[in-house]
Amino acid sequence: MISDITLGQFFPGNSPIHKLDPRTKLLLTVAFIVAVFLANSPLAFFSLFLAVLTLVLASQISFKVILKGIKPIIYVLIFTALINIFMTRGEGEPLISFYIIKIYKEGIIRAFFMAFRVILLIIGTSVLLTYTTSPISLTDGIESLLSPLKKIGVPVHVFAMMMTIALRFIPTLIEETEKIMNAQKSRGADFSSGSLIKRAKALIPLLIPLFVSSFKRADELAIAMECRCYRGDKNRTKLVKLSYKPKDFLWFAFGILFISLMIALRIIPQHISGSISEELFNFLFFKI
Amino acid sequence: MENCIIKNENLSFVYDDEGTSVSAVSAVIPPALDDVTVSIKKGEYIAVLGHNGSGKSTFAKLLNMILKPINGRVYIDGKDITCEEFTEDEMFEVRSKVGMVFQNPDNQLVATVVEEDVAFGPENLGLPRAEIRKRVDEALDVVGMAEYANHAPHKLSGGQKQRVAIAGIIAMKPKVIIFDESTAMLDPLGRREVLEIMEKLNREDNITVINITHYMEEAARADRVLIINDGKLLLDGSPREIFSKVDFLHSIGLESPQGTELLFELSSLGYDVPTDAISEDECYDALKTLLGKGGKLA
C-alpha cells in the first residue's frame, strides 16, 4: 500500500544512465529543469517529451514504475489544472459559459501544458537522478560539485551525509509507518473515513510512535557510525572515486544541444514557431 | 598478561537522567556497572549473559570508548584507553580494533547499497581505494553476501542485513568484535547464520568474540561465560561450570539451557543424571543412559 511510493527510490541497474557520473546527471538535471520552464510552445513541449522518452528508454526503468511515481502527485495536478481552466481569461468567446464560470480555449491549453510540464519534470528528474543514481553516489556528486563552498566554511560534507541518511531511511520509515498503522487499525483506529479534520486527528497516534522510534533509530545509528570510526570528512577516503568518462562528455554535449534548442524555440519570433506549433497542436489534439 | 586483548580494572559507570555519564558516583542513581574487573585473552570466545538492564550493554560500550567510565581502567591491546591524555586519533584506532554489531540491523546500515555500506568503515579509516575494494570483497565473502553486493539493504531479510552489518565491521579488520544482542531480532534461521559467522571468525581468523545475549543455548557454545547482574560481574567461568549452578541462575532471574534445566529437574526428583550437560547431544546421551537403566531412582 504505502510502500508503493516510488518517489525518491533507487532502482539498481546497468543502463547507460546508471553508469553516468552523478555530477553529469546533476548538471543535466539542472539543465533539464531550466529547459522545462523555458518551454512555452507546443513544439518545445514536444521536444521535451521526446527528450524524456529517450531518457526513460535509456534508463531501462519500466513504465509501470514511472507511472507509479506520478501517482502521489495526481491530486495536485488535477487541482492546478482546474485552477488554470477556471481562472484563465482568453481573448475570444468562452467555450462554456455558465453563470460566472467561463471556460476559454486558452485556459484548457494552459491547464494541459501546466500538467504536462509537471509530469515531465517529475519523470525527467526522477529518471535522471533518483531512480538511476544510488543515493550515496548522488550525495558524492553533490558534495563534489559543492566542494568549492568548503573554502568559505559551508559544511558541505555534513549536508551530504544528512541527505544520504535521510534517503537511506525512507523505505525503513515507510515500512515502520505501515506496521504502526496496522497495529492501530487492529485496535480499531480508523484512518480512511470521516471528515478531513477527523482524519488528520487520526494520524496523531500514528505520528507520535513514528517520531519516537525515529529518534531512537537516530540515536542507535549515531552510535553505530561512531563505532565504525565516523568522524566527518576528516581523513576520509572513498570506495568509488568520481571521474568523468568520454560518455559523460557526450551526454554533456547532448545537454548543451538540447538547452540551446529550447532557448532557440523560446526566442524565435512567435509567428514562426507559433504557426508550426499551432498546426502541431491542432493535429495532435483536435484532429485525433 | 601480554596476550590479554582487553583488561578491565574496577570498572564503574553511572547513567544520569539524560543517559550521559556523570562525573561522580551518586547515591541516588544505582550504577549501571559496578566495580567490574575482567581480562579477556586474544582469540577467546566469550558470552555475556544478564537480563535487561543488567549493565551488559554498558559494559560493551565502555570497551570501545562510546562511553567513558567514571571509575576504573580499561586496557585495549595493552593501551590504557581511560587515561586523560588519550587523543582523538587514538580513540578511532581503538574503535577500529574493537568492532561492534548491534541488535537492530536496520539502524546500523548507513548506505543504500550493500557494498557501499561495507565500505563505510574502511572509508572512515582513510584507507586507499584499492585496499577498501579488497577489504569489501573479502568481508562480503566471509559472510556469504558477495552476490548481494549491489543490492539495496532494505530488501534483504533480517539475517542477511545483520550479515552485511557484520561485513561492515570485518572490513575494518578489528581484533575484537562485540555482538550486542545481534541475534535478538532475528528469526531462528537468521540467528543460526549470524552465530555461525561469529564462530567462524573466532575459529579461523582468531578474532576475539564477545557475544552479549540472552539465549542460553548461544552462551553454552562459548569458551567462557560472564554473568552480569545489577551492574556486577557475578560469575566468570566455562559454560559447564556456570550452567550447572541452576539454582543460582534461577535466583537472579536467568535460566540454564533447556536440556540442563531438564536434567536438573530430574536430578532434584532423585534420578541419577549428570547436571553439567550443556549441549543437546550431551543431554540426549544422559537421558538415554537413564532410560537404559530403566529410569530407576538413585
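The values are calculated or read from the model by the stated rules, or taken from the named source; none is laboratory data. Computed from a prediction, not measured in an experiment: that's the story for all the values here. Glycine also receives a Cβ, built like all others from the backbone with ideal geometry; neighbour counts cover every protein chain displayed.
Just to be sure before I move on: is residue B:186 out of contact with any strand residue (DSSP E or B) (no Cβ under 7 Å at 6 or more places or on another chain) and closer than 28 Å to residue B:115 by Cβ in the structure I sent?
Numbers: out of contact with any strand residue (DSSP E or B) (no Cβ under 7 Å at 6 or more places or on another chain): yes; closer than 28 Å to residue B:115 by Cβ: yes.
Judged against the criteria, residue B:186 is a match.
When you check residue B:111 against the structure, is it facing chain A (nearest Cβ under 7 Å), part of a helix (DSSP H, G or I) and crowded, with 22+ Cβ neighbours inside 10 Å, yes or no? Walk me through it before giving the result.
Details: facing chain A (nearest Cβ under 7 Å): yes; part of a helix (DSSP H, G or I): no; crowded, with 22+ Cβ neighbours inside 10 Å: yes.
No, not satisfied.
Note on the range B:264-275: residues that are of a type outside the set (Gly, Ala, Ser), surrounded by fewer than 18 Cβ atoms within 10 Å (Cβ to Cβ) and in a loop (DSSP other than H, G, I, E, B) amount to 3. Of all residues in the range B:273-298, those satisfying the criterion of being farther than 19 Å from residue B:224 by Cα and in contact with a helix residue (DSSP H, G or I) (Cβ under 7 Å, 6 or more places away or on another chain) are B:273, B:274, B:283, B:286. Filtering the range B:116-152 to residues that are facing chain A (nearest Cβ under 9 Å), outside any loop (DSSP other than H, G, I, E, B) and over 23 Å from residue B:204 (Cα atoms) leaves B:116, B:117, B:120, B:123, B:124, B:129.
Scanning the range B:97-121 for residues that are of a type in the set (A, V, I, L, M, F, W, C) and within 14 Å of residue A:216 (Cα to Cα) returns a single hit, B:102.
Contact map, the range B:257-284: first residue on the phi > 0 side of the Ramachandran plot and outside the structural domain of residue B:223 (by TED's automatic domain parsing), second residue modelled with pLDDT under 85 and in a loop (DSSP other than H, G, I, E, B), Cβ cut-off under 8 Å, separation 6 or more or different chains; pairs are B:270/B:298. Checked against (1) without any contact (Cβ under 8 Å) to a residue 24 or more places away in the chain; (2) under 27 Å from the mean Cα position of the chain (by Cα), residue A:195 passes all but a single condition, namely (2). Residue-level check: of (1) touching a Gly at 6+ places or on another chain (Cβ under 8 Å); (2) under 27 Å from residue B:63 (Cα atoms); (3) not aliphatic (A, V, I, L, M), residue B:271 misses just (2).
For the range B:228-236, does any single residue satisfy the condition of being more than 14 Å from chain A (Cβ to nearest Cβ), of a type in the set (Gly, Ala, Ser) and within 25 Å of residue A:239 (Cβ to Cβ)? Working first, answer last.
Taking the range B:228-236 first, the residues more than 14 Å from chain A (Cβ to nearest Cβ) are B:228-236.
Then drop every residue that is not of a type in the set (Gly, Ala, Ser), which leaves B:231.
If we keep only those that are within 25 Å of residue A:239 (Cβ to Cβ) as well, we get none.
No, the range B:228-236 contains no residue that is more than 14 Å from chain A (Cβ to nearest Cβ), of a type in the set (Gly, Ala, Ser) and within 25 Å of residue A:239 (Cβ to Cβ).
Residue B:249 meets all of the listed conditions (1) part of a helix (DSSP H, G or I); (2) buried (at least 18 other Cβ atoms within 10 Å of the Cβ); (3) not assigned by TED's automatic domain parsing to the domain that holds residue B:199 but one, namely (3). Would you check if there is a residue in the range B:64-83 being at the interface with chain A (Cβ under 10 Å from one of its Cβ atoms) and not in a loop (DSSP other than H, G, I, E, B)? Checked against the condition, which is being at the interface with chain A (Cβ under 10 Å from one of its Cβ atoms) and not in a loop (DSSP other than H, G, I, E, B), the range B:64-83 yields no hits at all. Whenever a residue of the range A:238-251 is away from chain B (no Cβ under 12 Å), its partners that are among the β-branched types (Val, Ile, Thr), lying with C-beta atoms within less than 8 angstrom and at least six residues away or across chains, give the pairs A:244/A:24; A:248/A:24; A:251/A:24. The one condition from (1) at pLDDT 90 or above; (2) under 21 Å from the mean Cα position of the chain (by Cα) that residue B:135 does not meet is (2). Of the residues making up the range B:85-108, those that are in contact with a Ser or Thr (Cβ under 8 Å, 6 or more places away or on another chain) and facing chain A (nearest Cβ under 7 Å) are B:102, B:106. Looking only at the range B:204-216, decide whether some residue is buried (at least 21 other Cβ atoms within 10 Å of the Cβ), modelled with pLDDT under 95 and in a helix (DSSP H, G or I). Yes.
Applying the condition of being facing chain B (nearest Cβ under 7 Å) and among the charged types (D, E, K, R) to the range A:207-230 and asking which residue is nearest to the chain's Cα centre (by Cα) yields A:217. Per the conditions (1) within 16 Å of the chain's Cα centre (by Cα); (2) within 14 Å of chain B (Cβ to nearest Cβ), the sole criterion not satisfied by residue A:141 is (1).
Of the residues making up the range B:75-100, those that are over 24 Å from residue B:168 (Cβ atoms) and among the hydrophobic types (A, V, I, L, M, F, W, C) are B:83, B:86.
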